[in-house]
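Undergrad: Mind looking over this structure? Questions follow.
The values are calculated or read from the model by the stated rules, or taken from the named source; none is laboratory data. If you're wondering where the values come from, they're calculated on a predicted model, not measured in any experiment. Please note: Cβ atoms are built from the backbone with ideal geometry, for glycine as well, and neighbour counts cover all protein chains shown.
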Amino acid sequence: MKNVNLFKTQQRKNLNTFLILGAFFFLLGILDFSLNNFHGKNITSFLPGFISFFTPLIFSMIGLYLVRIEFSGIKQLDNLNKNINTSNFNAALSISIILLILFTIVPLLNWFILDATFVGDSKEACTGGGACWVYIKTWFNRFMYGMYPNAEQWRVNATFIIVLGLMGAGYFFPLRYKKHLTFYYVIILPIISFLLIYYLISGGEFGLEWVETGAWGGLSLTFIVSFFSLIFCFPIGMMLALGRRSDLAVIKYSSLSFIEFWRGVPLITVLFMSAVMFPMFLPDGTYVDKLIRVIVAITLFEAAYTAEVIRGGLQALPRGQYDAAKSLGMGYWRLHLLVILPQALKLVIPGIANTFLALVKDTPLIFVVGLLELVGMLNLAKTNPKWLGFSMEGYVFAGIIFWIICYSMSKYSQSLELKYKTDR
Amino acid sequence: MSDSIIEIQNVNKWFGDFQVLKEINLEVKAKEKIVVCGPSGSGKSTLIRCINRLEEHQKGSIVVDGTKISEDTKNIEQVRAEVGMVFQQFNLFPHLSILDNCSLAPIWVKKMPKKEAEKLALAQLEQVQIVDQAHKFPGQLSGGQQQRAAIARALCMQPKIMLFDEPTSALDPEMIKEVLDVMVNLAKQGMTMIVVTHEMGFAKEVADQMIFMDEGMIVEKAGTKDFFANPKSDRTKLFLSQIL
């Protein structure tokens, strides 16, 4: 015990010496690790193999041990000691994680950027060992718009810009119209968007060339499918959740069986049925576009999940809230719209975000009916004889795009949670 | 008979096989203050929850201000708008500010213009002395303040009758008085009140009639002085000796 104390006082006295020694050992560990893994040189090969394998860890731990000085007076060092260097065990964990990150990030960086090819316009340009981003560049247009004719793509862009603008417009509503916001988002916006898509993207009128939905595709199709499914599955899910808790047996059991049916079948089956079975039930001569059928199928499917999430929120509310609202003379609808749903929905924001993210990531499944959104286009492009062998780049690209979409949705849901947080 | 605002006749209620209310008869005249006491599980809360049909009674009749309480939803909502209720757990709406808690029902149930409803709400909050908390959320208030806000919320519907279901049981001792003061004030203004409480000091000060309930029955019903001075049944005597 006395020894340790002596060591500690020495540490504080000769702060700089210990700092330099510590940094030296720590960097030696990192260097050893890097040389070993990225250059194939083992500078500790004179030691037995087992120990040699662990030398980076041992060196770095000695380094961290030497700089573990309490109240050194240097802010950064104190922070470091408090957060990752409180004990030998903690230090070992921290170092292992740092080394693991180093181990993965360097090859990734090489593949993504350092060895990757960015310029060129054919497969032959890609000679490096890294990613061939030329492939993405060449096919970018197709990944975004599918088979939509190049000359007409401004129509897709225009539609998206207008819809985005309209979505943002809700944010700038004057205060006295704020109460109509839900109405705007649930009724008006979908109608306007539908009309825009119908007349502008689909065309066929006002001198615009008609583009059949089979030619739509790429990321823009991902957006169209997700947008409508998200907007519609929420109110339907809400109704189903209320229906499932209703006192009226007919409503209760029809909601229940609806939910259990859609939750019980795989989405891919539903999509397949919407394409193949559904037309058989229609009278001759009527035709519903397959894109609409697909959107309806996804909407109903996700509505069942949303309903169960919202029901969870409804059940979490204490009975007293119902009692209080009833005692003030509120009937069923006022009670739910003014008191119960605002609280329940606030509780289930994380759950709803979860469902919505799943929905966006389920859209690639529409390939079963022949609609090719982003991932579908990738699958098409990778079979092109001129561009064989670049599926990796394609999937990584799609992964990044989906990640960006989902991460921003997740961030948005977190900001909503904060915004509606009123208690505690 | 005709001057009573609440008439309860032969009311029975069961939770499954368990009978919570047995042949309850009670008349409440306008402006009368009634305090209901008794051991827990004796059916006090259930009785007053039946008056605005938060609970259904299975047998007998309850008439509130000339309206018979029955299955008909229109009737029930009409009765509820006239009968204010205050709960043990306050039950304020946590997602709304205190002001919105108070003006919500007048705006949406009574169709009062928003400005007018807020004016009314502020006036009621002034009455219970928390007008300075009007823009806070329930979670930011102390228990006593929350309960006073809940009283203000009920009063905003301008009810003819107020029901109190153990309004001070969930409060810290030092907050009980501020709530009781508000209730005493309300009583002095001539409100018809039915109060379930164990606060015998309050009962002695305010009540016109005392009711003692046990095992779903009204065991003793008497004027306040009589009730405390010479209770008739042994069960009441025992209860009073334990509580006083």
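Undergrad: Tell me, yes or no, whether the stretch A:291-313 has at least one residue that is surrounded by fewer than 21 Cβ atoms within 10 Å (Cβ to Cβ), within 14 Å of another protein chain (Cβ to nearest Cβ) and over 29 Å from B:L155 (Cβ atoms).
TA: For the stretch A:291-313, residues surrounded by fewer than 21 Cβ atoms within 10 Å (Cβ to Cβ), within 14 Å of another protein chain (Cβ to nearest Cβ) and over 29 Å from B:L155 (Cβ atoms): present.
Undergrad: Restricting attention to the stretch A:271-290, which residues are surrounded by 21 or more Cβ atoms within 10 Å (Cβ to Cβ) and either in contact with a strand residue (DSSP E or B) (Cβ under 6 Å, 6 or more places away or on another chain) or among the hydrophobic types (A, V, I, L, M, F, W, C) (or both)?
TA: A:L271
Rundown of residues vs (1) within 12 Å of another protein chain (Cβ to nearest Cβ); (2) part of a loop (DSSP other than H, G, I, E, B), yes/no style:
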| position | (1), (2) |
| --- | --- |
| B:F90 | yes, yes |
| B:C102 | yes, no |
| B:A117 | no, no |
| B:Q147 | no, no |
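Undergrad: Enumerate the pairs (first residue in the stretch A:328-354 and basic (K, R); second residue anywhere and surrounded by fewer than 21 Cβ atoms within 10 Å (Cβ to Cβ) and part of a helix (DSSP H, G or I)) with beta-carbon separation below 9 Å, excluding pairs fewer than 6 apart on the same chain, so at least 6 apart or on different chains.
TA: So the pair list comes out as A:R334/B:W108; A:K346/A:G313; A:K346/A:L416; A:K346/A:E417.
Undergrad: Given the residues B:K177, B:K237, B:K232, B:K221, which is the only one that is under 15 Å from B:V35 (Cα atoms), surrounded by fewer than 21 Cβ atoms within 10 Å (Cβ to Cβ) and more than 15 Å from the chain's Cα centre (by Cα)?
TA: Among B:K177, B:K237, B:K232, B:K221, only B:K221 is under 15 Å from B:V35 (Cα atoms), surrounded by fewer than 21 Cβ atoms within 10 Å (Cβ to Cβ) and more than 15 Å from the chain's Cα centre (by Cα).
Undergrad: Among the numbered criteria (1) aliphatic (A, V, I, L, M); (2) within 14 Å of chain B (Cβ to nearest Cβ); (3) touching a Cys at 6+ places or on another chain (Cβ under 7 Å), which single criterion is violated by A:L357?
TA: Tallying (1) aliphatic (A, V, I, L, M); (2) within 14 Å of chain B (Cβ to nearest Cβ); (3) touching a Cys at 6+ places or on another chain (Cβ under 7 Å), A:L357 fails exactly one: (2).
Undergrad: Right, next: Identify all residues within the stretch B:151-175 that are hydrophobic (A, V, I, L, M, F, W, C), in a helix (DSSP H, G or I) and either farther than 15 Å from B:V86 by Cα or at pLDDT below 90 (or both); write none if there are none. Give the steps one after another, and end with the answer.
TA: Keep residues of the stretch B:151-175 that are hydrophobic (A, V, I, L, M, F, W, C), which gives B:151-152, B:154-157, B:161-164, B:170-171, B:175.
Imposing the further condition that a residue be in a helix (DSSP H, G or I) reduces the set to B:151-152, B:154-155, B:175.
Of everything in the stretch B:151-175, just one residue is hydrophobic (A, V, I, L, M, F, W, C), in a helix (DSSP H, G or I) and either farther than 15 Å from B:V86 by Cα or at pLDDT below 90 (or both), namely B:M175.
Undergrad: List, please: which pairs have Cβ atoms under 7 Å, are six or more places apart or on different chains, and start with a residue in the stretch A:231-257 that is of a type outside the set (F, W, Y) and end with one that is modelled with pLDDT under 90 and outside any helix (DSSP H, G or I)?
TA: Cβ pairs passing all conditions: A:K252/A:S246.
Undergrad: Further, regarding this structure: Looking only at the stretch B:61-74, which residues are farther than 12 Å from A:M330 by Cα, without any contact (Cβ under 8 Å) to a residue 24 or more places away in the chain and not in a strand (DSSP E or B)?
TA: B:G66, B:I69, B:S70, B:E71, B:D72
Undergrad: Could you run through the stretch A:61-82 and say how many residues are under 17 Å from A:I98 (Cβ atoms) and outside any helix (DSSP H, G or I)?
TA: 2
Condition check ((1) among the hydrophobic types (A, V, I, L, M, F, W, C); (2) within 17 Å of the chain's Cα centre (by Cα)) across all residues:
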position	(1), (2)
B:I8	yes, yes
B:D17	no, no
B:S61	no, no
B:L99	yes, no
B:L120	yes, no
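Listed here are the residues, each with its yes/no results for (1) under 29 Å from the mean Cα position of the chain (by Cα); (2) loosely packed, with under 13 Cβ neighbours inside 10 Å.
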position	(1), (2)
A:Q321	no, no
A:L345	yes, no
A:L357	yes, no
A:L380	yes, no
A:T383	yes, yes
A:K419	yes, yes
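Undergrad: Same structure again: In the stretch A:31-43, what count of residues is obtained for those that are free of Cβ contacts under 8 Å to residues at least 24 places away in the same chain and either loosely packed, with under 15 Cβ neighbours inside 10 Å or not in a loop (DSSP other than H, G, I, E, B) (or both)?
TA: Step one: of the stretch A:31-43, the residues free of Cβ contacts under 8 Å to residues at least 24 places away in the same chain are A:31, A:35-36, A:39-43.
Among the residues that remain, those that are also either loosely packed, with under 15 Cβ neighbours inside 10 Å or not in a loop (DSSP other than H, G, I, E, B) (or both) are: A:31, A:35-36, A:39-41, A:43.
Final tally of qualifying residues: 7.
Undergrad: Is it the case that the stretch B:203-218 has a residue that's part of a strand (DSSP E or B), of a type in the set (V, I, T), over 14 Å from the mean Cα position of the chain (by Cα) and surrounded by fewer than 21 Cβ atoms within 10 Å (Cβ to Cβ)?
TA: No, there is no match, as no residue in the stretch B:203-218 is part of a strand (DSSP E or B), of a type in the set (V, I, T), over 14 Å from the mean Cα position of the chain (by Cα) and surrounded by fewer than 21 Cβ atoms within 10 Å (Cβ to Cβ).
Undergrad: Is it the case that B:L54 is touching a helix residue (DSSP H, G or I) at 6+ places or on another chain (Cβ under 7 Å), buried (at least 16 other Cβ atoms within 10 Å of the Cβ) and facing another protein chain (nearest Cβ under 10 Å)?
TA: The answer is yes for B:L54.
Undergrad: Quick one: which residue in B:E77, B:E7, B:E23 is over 27 Å from B:L244 (Cβ atoms), surrounded by fewer than 22 Cβ atoms within 10 Å (Cβ to Cβ) and within 14 Å of another protein chain (Cβ to nearest Cβ)?
TA: B:E77
Undergrad: Quick one: would you say A:R293 is more than 29 Å from the chain's Cα centre (by Cα) and in contact (Cβ under 8 Å) with a residue 12 or more places away in the chain? Spell out how you get there, then give the answer.
TA: Numbers: more than 29 Å from the chain's Cα centre (by Cα): no; in contact (Cβ under 8 Å) with a residue 12 or more places away in the chain: yes.
Here the answer is no, as A:R293 does not meet what is asked.
Undergrad: Output yes when any residue across the stretch B:163-183 is of a type in the set (A, V, I, L, M), under 23 Å from B:L26 (Cα atoms) and away from chain A (no Cβ under 14 Å), and no when none is. Break it down into steps so the answer makes sense when it comes.
TA: Just the residues of the stretch B:163-183 that are of a type in the set (A, V, I, L, M), to begin with: B:163, B:170-171, B:175-176, B:179-180, B:182-183.
Still in the running and under 23 Å from B:L26 (Cα atoms): B:163, B:183.
Restricting the remaining residues to those that are away from chain A (no Cβ under 14 Å) gives B:183.
Checked the stretch B:163-183: at least one residue is of a type in the set (A, V, I, L, M), under 23 Å from B:L26 (Cα atoms) and away from chain A (no Cβ under 14 Å).
Undergrad: Let me ask something additional. What's the number of the only condition in (1) under 30 Å from A:A381 (Cβ atoms); (2) hydrophobic (A, V, I, L, M, F, W, C); (3) in a loop (DSSP other than H, G, I, E, B) that A:F46 fails to meet?
TA: (1)
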